[in-house]
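A quick write-up on the structure given underneath.
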Amino acid sequence: MEHEKTYVFSSKSERPNKRRRVEPSGLDSSWSLREQTYQQLWREQQRRVQKVLDDANRTTLDELLGFVKESEEVEEDRKLPSGMILAGPSIAAHATFFDQLSERIGEETSSSFTLITSTDSANLKSLLKVLIKSATSQKSLDDGEDELITRKRKGPKILDYDLQLLHEWALDNDNPQVIVAFRDSEAFDENVLSEAVELLGLWSDRIQFVLLFGIATSIDNLQERLSQRATRFIRGQQFDVVQAKEILERIFFTITAEENVPLRLGSQLSRVLQERHEEHIQSVQDFVDAVQYAYMAHFFANPLSVFLRLTLDFTDLAKEHFTAFRNLPSFRRHIEDLLKERKNVSKVRKLLDSDQALFDTATNTIRRTQNAVDAVIQAASVLYICRSHFSQMRSVSRSAFFITALAGQLSASPTLREALLALKKCSSDVLLRILQDISPVLRSPSDSMVSNIQSRLSNLLRDVSGKREPLRSEHDNRNETQRTTIVASKVLLSRHKSNLSEQDAEYTKLLNEFVNWLSAYLEEHLIDPKNLFMHELVLYDLRAPHQGAFVPQTRHAIEQALFAPHDYLGCSCCVPTNDASEEVALAGSTPPTALLYRLYLESGALINVSDLWSAFNAILEDGGEDDSSKVMPLFQQALAELKTLGMIKSTRKKTDHISKVAWRGL
Amino acid sequence: MLPDELLLETLVGQFPCRESQIQILGTFFNPSFPTPPCVVLHGLEATGKSSITKSILKSSEIPHAIVDSRECITGRQLMERALASCLDAISDIEDVDLSAFWRCENLSALQVHLELLLQNQKRFILVFDGIDKQREASPTLLPALARFGEIIPCLSIVFIISVPSPRSFHTAGIPHVHFPPYTRDECIRILSLSPPQIFEDGIDNEVNPDYDEEKAAEDDAFVWSRFCNIVWESLASNAACNLASFRAVCDKLWRPFVAPIVKGDFGTRNLPRLVVHTKPLFQNEDVLMNSIVRRDPTKTTKPIITHELPFHSKWVLCAAYLASYNPPRHDQIFFMKASEKKRKKKGGDGARGKASKHRKIPRSLLAPSPIPLDRLLAVLHSILPHSLPQNADILTQLATLSSLRLLQRAGVAGSDVLDPACKWRVNCGWDYVVALGRSIGLEMRDYLASGQD
C-alpha cells in the first residue's frame, strides 16, 4: 500500500491486543503520593528562589523607577532621559528583568511602557509601528477608547508609523510619559537604532519619552554603535543589575544550604551544574529548571522517595517498596555493620523479614539522616565564616566550599587545617567577631559552649579595657623573637617566646579551649554523607539524566550514528570485531549513507564524485550486489542525504567535485 | 512700511549677526510684495535657517505650513504630512471640507489636493525643512516640488537645505539665500548675550553686604565673555566651530571653571590667575566628545560591576577572531597540534626572510573575512588547553554571541543557519579581543599571522 499517498487504515481485530492497566500496582502505586510530596517540596523551594530573584533586582528596579519619576520633572530641552541598564551577557535574563520592570512601572506610575525587541524591528518603520501600537493600546487613563475615536480629528488619515498618532493619543491622556525600552540593544541594527533615537529625540518636545536600553556588553559598545547625532540626543544614566554569577550563587545557597531542606542535591551533580553555569550559560532560569528537573527525577523515578513524606502510613506502600529498600546499597552496608556487632542478629533478622519493622526503622532513621546532612552544611558554614575573617586565606566561592563539604572532602583537607592554625594565632578582637558571627548559625546543644566562651572572653576584655592593643595568643608570631647564635662557626637559630602577660596567658587558654572544641565539632559533623544510612533518599546525585536533558550532544549523535550504525541498529550483519583499535571494516551490509559517510571521512577537502562512486560500487559488489543499476540509486540517495545533513556542498573550484563542509569530532 | 521695519528690528535683535538674511526674507515674505514661487535657503548646521524662517513667517500675516523632513521616514509620509499641515493652516482661516482630502500617496495627489485647497487663497507659503536629507525620497521630488509654485499661482515653496546643488532643481532662476556659518567674533557675541550665573545658589549677602544682584550680573557677563574667548581659542576653533557645539562645550566647562570662584579661592576679576589655575580643563579634549552617559569627574565613581561573558564564550570569540584574521593557509602553522619546534621551522623565519615585492595592506587593517563554522570550531579546539565535549552548550553560546552582534552571520543577510554555505565573521575590535584573551590566559599575538603592534 505504500505507493498510495493516503489510504484508510482498517484494523483486523476488534480490540487491541494490549490491555491498558488502569490500576497502578507494585512500585507505581506510590506514584500519586510521590507527586504530592514533590509538589509540596518544590513549591516551597520555588517560593524561596522567587524571593531571592525579587530581592536581587529590587535595588535596581527602585533606582530605575526613581529615575523615571525624576525625569518627568526635569526640563531639559530636546534631550532624551535614558537609562542604560547593564544586565549582563545572558539575554534570557533580560526578559525576566524587563518583565519585572514593566510590572512595577504599571503599578506605580501612570507612564505607558513599551518594550521593543530586535526581532520586531527589522527596520525603522516596523519599529515605529510596534512602538505606537503597544504604547497606545495600553490602559488609557479614563476608559477613553470611545472618546479617542470621537475626538480623532477628521481629514487625511495618518499613516500607522507616524508619531503624530502617539502625540494625539498622549494629548488625550494628559500627556503621560512614554517609556520605550530596547530590551536587547546589541541585537538591533545600528542604523535602525540610531535613527529611532534621533526621531524620538525630535519628538521629545511634544511627547515625554524616556528610553531604557538593556545592555549586555558595555556602554562604550553601545556608544560606538550609535550615530553622533543620536548620541547628542541622549542624556544617560547607568544602572547595574546584579551579576548573574552572584544570583546563581545565592540561589544555589538557598537550594542546597538552607536548613530544613528535605531533599538536597549531591556534590557531584552540584559541581556539574555549577561548572556548566560558570563556563557556558550563566542563565538563572536555566539553573532553576535544572534543580526542578532534579526534584522531578528523584520523585518520579525513585519509588523510595515516598519516604520523604512527612506522614506516611504502612498500608500506603506496596510490598515491592520494601524489596526495593532492601536492595539499597546503604541498607546493605547498614546490615553488614550491624552484623559486625554480634548481638544485633535478631534485629537484622527482623529487618530482613518483617516489612513492618523495616518501615518503622526507615521512617525513624530518615529524620536522623536529614539532620546529619544538615549538620554537615552547618559545620561547613561555621568553617566558612571562620575563614572569611582571615584575609590571607585563599578565597573560595561559597558554593564551591559547600560542594566540597557535601562530598565529604573537607574533614581532612588542608583548608581545615589551615583555618585552625590561623585561628590559633588570632587576636582577641578577631575571635570576638568570629564568635559573634557563628553563634546564630549554631543550634542549641553546641551553642552553650560558644556562649560560654563568648561571655568569658567579654569578661576578660572588660578587665583589660584600658589597654589599646588587643590580646594576643602565645602562638602569635609577634610574641616570638628569633635569636641567632654562632657557636663554633655554626649558626644556631632559636626561637624564644617573649613573656606573656597574665591576660594574654588567660586569653591563650581560652583560645585553645575554643580551637579544641571547634576541631572536635568539625570532626564530628563533617562526615561524608555517602556513608550515611539512607543517603540515597536524602541526596539526589545522578548526573546522567541531566546531561541527557540539558546538554544534548546533537552533532556527536549524528556523527556516531553514521560512523557506527551498528550501535543503533544492533543487527547481526555488521558486528564490530572485538579488537577495539581496529576500525569496523566497511561492509556492503551497512546502510548506504553510513557507508558513504565512512568514505567521505577518508577523503580530503575536495572529493571527486567519480572516485567516490567507484569506491562505493566496489564495496557493494563485494557485498554481493552486482547490478549497478540498483547501486546507483542507493549512491545518489546517500549523497543527497549527506547534503541535507550539511556535510557536503557543491563547489565551483573543480569540476565533478564536491567540497567537504563538516569534519568529525568538532 | 513702518510696522514691518519695526518687526524686522525686533527679529534682528532676536537673531544677531543675521541682518542681511532677515532683510531679504522679510522682503520675500512681505504681503505687499510678490513672493517668488520658489526660494532656497542654504547653510550649514546651526546657522539659524529654520528658526529665522519660522519667526519671520509667524510675524507676517501670510498663511503658511512647515514640514520637517527629519520627522518623515518615507516619501509617502512627507506627502501626507505636507497635506495635513496645509489643511491645518487653511482650516484656521476658512471652512474646508475635510472629507475631500483623506489620502495623499504621491506628488501628483499632493498637487491636485493643493490646487483644490488653495483655490480661494491669495498667497500661501509651504516650507520644506531639510528636504535634502529626506529618507526614501524619489529622484523627482525636488524638481517637482520646485514647479509647484508655477502650477499653483498662489503657492510659494521654501526649501531649507544644507548645501545647494545647481542640478537638483532642474530649473534656473531660483533665488538662493545663503546662511554662512558664524565667525569667531559672531559666535562669541551671540553667546555673550546670555551669560549664565556664577553663583547658582544665590549670593550670600552676609559675607559681603555690598555685593548685590546687579554687580553679580555684571561679573557674570565679564567672566563669561572672556571664558568663551578662551574656550574658542583652546578647543572650539578646531573642533567645535558651529554655534551649537560651541555652546555645548562652553556649558560643559562653565561649572568646573567657576568652581574656584564659588569656593572663594579667586575673585571674579582675578581672571588670569583663575585661567592658569584651571588650565587642565582646556587641555583635556574629552569634552568635545559626546557621551551618552554623563561622567562627572568630581563624583566618586561607584564600584563598577562588570558583566563578563561566560568562560567558554570568551574562547569562542577569540577563536572567531583568529579564524577571521588568519588566512586559512597559515592554519597549519598556528593551529596544528605539532610540537613547538616543528611549528617554528615551518612558520616564522622562512616567511619573514622573503619580503614580498608588492606591498600588501596588513590583514589587521582589513575587514574580517567570513569563515565557515567548522573552521571556527577547529580553531577553538586547537587553542583550548583542555578538551571540550562536543555538546549543545557551545552552539548555544554561538547563538548568544551572534545575537549580541559580537559574531555576525556573513553573506546574504537572513540566510539559513542550517545552510552549509552559511559563514560567520567576528565583529569586535583587536583591543577588546586582546583584553578578553588575557583574561583567560591566551596571548592572541602568538596565534596571529600578521603580528599586531
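Assorted remarks:
- Here the residues A:Ser118, A:Ser346, ranked from fewest to most Cβ neighbours within 10 Å of their Cβ, fall in the order A:Ser346, A:Ser118.
- Label point of A:Lys350 set 7 angstrom out along Cα-Cβ; within the stretch A:361-392, amide nitrogens under 20 Å from it belong to A:361-369.
- Lys/Arg +1, Asp/Glu -1 at C-beta; the stretch B:2-179 dipole; positive extreme among B:Phe124, B:Gln77, B:Phe169: B:Phe169
- Rounded to the nearest 0.05, the FRET efficiency derived from the C-beta distance between A:Gln268 and A:Leu420 at R0 = 25 Å is 0.35.
- Working note: Cα atoms of chain A, range along each principal axis, descending, whole Å: 96, 84, 77.
- Computed over the stretch A:304-348, Kirkwood Rh from alpha-carbon pairs, angstrom: 12.1 Å
- Under 5 Å between amide hydrogens, built in the peptide plane, is the criterion, and for A:Lys649 it picks out A:Ser659, A:Val661 among residues at least 5 positions away or on other chains.
- The stretch B:41-80 shape via C-alpha gyration tensor axes, a/c threshold 1.5: oblate
- Rounded FRET efficiency, nearest 0.05, which uses the C-beta distance separating A:Glu513 from A:Ser458 and R0 of 22 Å: 0.90
- Over 21 Å (Cα to Cα) - which of A:Lys245/B:Lys314; B:Lys215/B:Lys279; A:Lys157/B:Lys54 fall in this group: B:Lys215/B:Lys279; A:Lys157/B:Lys54
- Rg/Rh, computed from the Cα trace of the stretch B:173-291 with Rh as the Kirkwood radius, has the value 1.06.
- Residues A:Arg342, A:Arg58, A:Arg104 in ascending order of nearby Cβ atoms (within 10 Å, fewest first): A:Arg342, A:Arg58, A:Arg104.
- Separation of the B:Glu200 and B:Glu213 label points, Cα + 7 Å toward Cβ, nm: 2.1 nm
- Sorted by Cβ density within 10 Å, fewest first, the residues A:Arg206, A:Arg652, A:Arg232: A:Arg652, A:Arg206, A:Arg232
- Using all pairs of distinct alpha-carbon atoms, the Kirkwood hydrodynamic radius of the stretch B:210-256 works out to 11.5 angstrom.
- Considering only alpha-carbon pairs that sit under 8 angstrom and 6 or more positions apart, the relative contact order computed for chain A is 13 percent.
- Distance (nanometres) between label positions extended 7 Å along Cα→Cβ at A:Glu524 and A:Arg433: 2.8 nm
- Approximate spin-label separation A:Thr655-A:Ala640, in nm, with each point projected 7 Å along Cα-to-Cβ: 2.5 nm
- Rg then Dmax, both in Å and based on the Cα atoms of the stretch B:1-125: 16.0, 46.
- Under Stokes-Einstein, with the Kirkwood radius over Cα pairs as Rh, the value for the stretch A:74-242 at 37 °C and 0.692 mPa s is 199 µm²/s.
- Each Lys and Arg adds +1 at its Cβ and each Asp and Glu adds -1 at its Cβ; summed about the Cα centre, chain A shows a dipole of about 1960 debye.
- With helices as the sole contributors, the protein assembly as shown gives -16000 deg cm²/dmol at 222 nm; each DSSP H run of n ≥ 4 counts as -39500 (n - 2.57), and the sum is divided by every residue.
- Proximal aspartates and glutamates relative to A:Lys319, as straight alpha-carbon distance under 14 Å, when same-chain residues fewer than 8 apart are discounted: A:Asp28, A:Asp353, A:Asp355
- Rounded FRET efficiency, nearest 0.05, which uses the C-beta distance separating A:Glu107 from B:Leu44 and R0 of 45 Å: 0.40
- Per-q log10 I(q)/I(0), the stretch B:136-193, q = 0.20, 0.30 Å⁻¹ (Debye; single scatterer per alpha-carbon; no solvent): -0.81, -1.38
- Unit Cα scatterers, Debye sum, chain B: log10 I(q)/I(0) for q = 0.05, 0.07, 0.08, 0.09 Å⁻¹: -0.37, -0.68, -0.83, -0.94
- Phi-derived couplings, Karplus 6.51 cos²θ - 1.76 cosθ + 1.60 at θ = phi - 60°, listed residue by residue for the stretch A:343-359: 6, 8, 4, 5, 5, 5, 4, 4, 4, 7, 9, 9, 5, 4, 4, 5, 4 Hz, with x used for Gly and Pro.
- Hydrodynamic radius by Kirkwood, which averages 1/r over all alpha carbon pairs of the protein assembly as shown, in angstrom: 38.2 Å
- Expressed to the nearest 5 percent, the antiparallel share of DSSP beta bridges inside the protein assembly as shown is 30 percent.
- Shape category assigned to the stretch A:554-660 from the gyration tensor of Cα positions, a/c cut at 1.5: oblate
- Between the Cα long axis of helix B:392-403 and the first principal axis of chain B there is an angle of about 30°, rounded to the nearest 10.
- Normalising the average separation of contacting C-alpha pairs (under 8 angstrom, six or more residues apart) by the number of residues puts the relative contact order of chain B at 13 percent.
Each value in this text was obtained by applying a stated rule to the coordinates, not by laboratory testing. Just so we're clear, the structure is a prediction, and the values are computed from it rather than from any experiment. Here Cβ is always computed from backbone atoms with ideal geometry, including for glycine, and neighbour counts include all displayed protein chains.
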